[in-house]
1. Just to confirm a number: summing +1 for Lys and Arg and -1 for Asp and Glu over residues other than T39 whose beta-carbon lies under 14 angstrom from that of T39, what do you get?
2. Full extension from D175 to A20: what is 0.36 nm times the residue separation minus their Cα-Cα distance, to one decimal in nm?
3. Largest first and to the nearest Å, give the Cα extent of segment 128-204 along each principal axis.
4. What is the log10 of I(q)/I(0) for segment 47-156, computed with the Debye formula using one identical point scatterer on each Cα and no solvent, at q = 0.16, 0.17, 0.20 Å⁻¹?
5. What spacing in nm lies between the two simple spin-label points modelled at L134 and A37, each 7 Å away from Cα in the Cβ direction?
6. Grab the chain and count how many Lys pairs have their alpha-carbon atoms under 27 Å apart, sequence gap of 8 or more, or different chains.
7. Given the -39500 (n - 2.57) contribution per DSSP H run of 4+ residues, what per-residue ellipticity at 222 nm results for the chain, rounded to the nearest 500 deg cm²/dmol?
8. Just want to confirm a number: the relative contact order over the chain, from Cα pairs under 8 angstrom separated by 6+ residues, in percent.
Amino acid sequence: MVGNYLVKEIFGPTIQGEGAYTGTPCMFLRFVGCNLACTWCDTDFTPQGAVRYTAQQIATKLCTLDIHHSRRVVITGGEPTLQWDHLLAEAIRVKQFVVHMESNGTQNLKAPVDWLTVSPKPHFHQTSHSLTVLDPSECKVVVDDTVNQETLQFYEAFYPDTLRFVQPCMDNNYDHHLQRTIALVTQNPSWRISLQTHKIIGLR
Ligand code: SF4
């Protein structure tokens, strides 16, 4: 049976490497496709090698892989809100998974999740993609040279009651971005550092 959801990969057990749930065992579900095109994006969300699954097939595959019963799935992409809907949310919920999602915040959720990470992309807000998600669980800003104190102040005002993280971009200028991230947190104490610890400890 050919499903509605174009899935790049489903994998685990692994560890959430970023944000407030760093270090937490989980599964990952990665969808194909994104509505943005960040120049530094390090994620393969292209249709090559992707598979179409039904909601039931995704839920069953998650259960089969979740051999230690973390019953937590991080849904990502690409941009997962483009495919996330009530049918899939219900199929996964019935299997007793807690759902975390990582979104760029420019698309409204068509079905609820338990934990929503918005990783906004500041360079797009001035053009066509404004933030539509107003109440995420956490906000995680990836720091490259375009992110400065004013950027953080903008998100502080936009998300006054949200956990806030800055995360150095892990490109060829990582050491430079890390130093800037440390300085930004020092100057803006309501923010915390998030590192891509899964990469540091050799996980995907
Ligand atoms: S929003 Fe995320 S997935 Fe999409 S291009 Fe940017 S970094 Fe990559």
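1. -3
2. 53.6 nm
3. That works out to 33, 28, 26 Å along the principal axes.
4. -0.79, -0.86, -1.07
5. Output for this residue pair reads 3.2 nm.
6. Total qualifying Lys-Lys pairs in the chain comes to 15.
7. -7000 deg cm²/dmol
8. Relative contact order for the chain comes out at 18 percent.
Every number in this text was worked out from the coordinates using simple rules, so none of it is lab data. Keep in mind it's a predicted model, so treat the numbers as computed, not measured. Backbone-built Cβ (ideal geometry, glycine too); neighbour counts: all protein chains shown.
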